[in-house]
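Read-outs throughout are calculated quantities, based only on the coordinates presented, and are distinct from any laboratory measurement. Since we're looking at a predicted model, the values are computed, not measured. In this analysis, Cβ positions are derived from the backbone assuming ideal geometry, glycine residues included, and neighbour counts consider all displayed protein chains.
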Amino acid sequence: MVDYCIVSDVKSVLHIDAAETSEDSEILECVVDGSDKVRNLLRQAGLPVPVPFDVSEVPQSVRIAAKNFAAWEYRRRRDPDGAQVFYYDAQEALNGYIAAELAEENEPSVRLA
């Protein structure tokens, strides 16, 4: 299964230089955890879970949520209080996506005569 973001997405949120690779394996674990958290929250909201073939196919708000959840997971191991901003940003992005998807599901169908 393809994750909803990649290591370089998380590095950019955390302001870690792309050339710095010493933390990549830990960040990758956080990417998996962040993507799983997004999947679980989408299921909880009763929405279908996107199954992309490539990260470029992930809806933008879902990708933003996943990379911020991953950044939160990484940062909270070092600075739990400072990590909260990433959690809030992830929630905001995912809540926006969920609201838009639910609104779209509830729109009446347009009937052509």
Measure of size requested: the Rg and Dmax of the chain, with Cα atoms as the atom set and Å as the unit; please supply both.
15.6, 62
Relative contact order in percent for the chain (Cα pairs under 8 Å, 6+ apart) equals 30 percent
Which is the longest part of the chain that has none of the trypsin sites (Lys or Arg not before Pro) sitting in a DSSP loop with at most 12 other Cβ atoms within 10 Å?
1-76
Residue farthest toward the positive end of the dipole of the chain, with Cβ of Lys/Arg at +1 and Asp/Glu at -1: which of SER8, GLN84, LEU47?
LEU47
Identify the GluC sites (Glu not before Pro) of region 1-94 meeting these criteria: DSSP loop state and at most 13 other C-beta atoms within 10 Å of the C-beta.
GLU20
Let me make sure I get this right: for region 49-99, a, b and c are the square roots of the gyration tensor eigenvalues over alpha carbons, sorted descending. Under 1.5 in a/c it's rounded, otherwise prolate if a/b > b/c, else oblate. Which is it?
oblate
At 222 nm, what helix-only mean residue ellipticity would the chain give, in deg cm²/dmol to the nearest 500, using -39500 (n - 2.57) for each DSSP H run of four or more?
-22000 deg cm²/dmol
Quick one: Kirkwood hydrodynamic radius for region 16-76, alpha-carbon pairs, angstrom, one decimal?
12.3 Å
Once you list every other residue whose beta carbon is under 12 Å from the beta carbon of VAL32, what net charge do they have if Lys and Arg are +1 and Asp and Glu are -1?
-4
Local charge sum around SER56 (other residues, Cβ-Cβ under 15 Å, Lys/Arg +1, Asp/Glu -1)?
-2
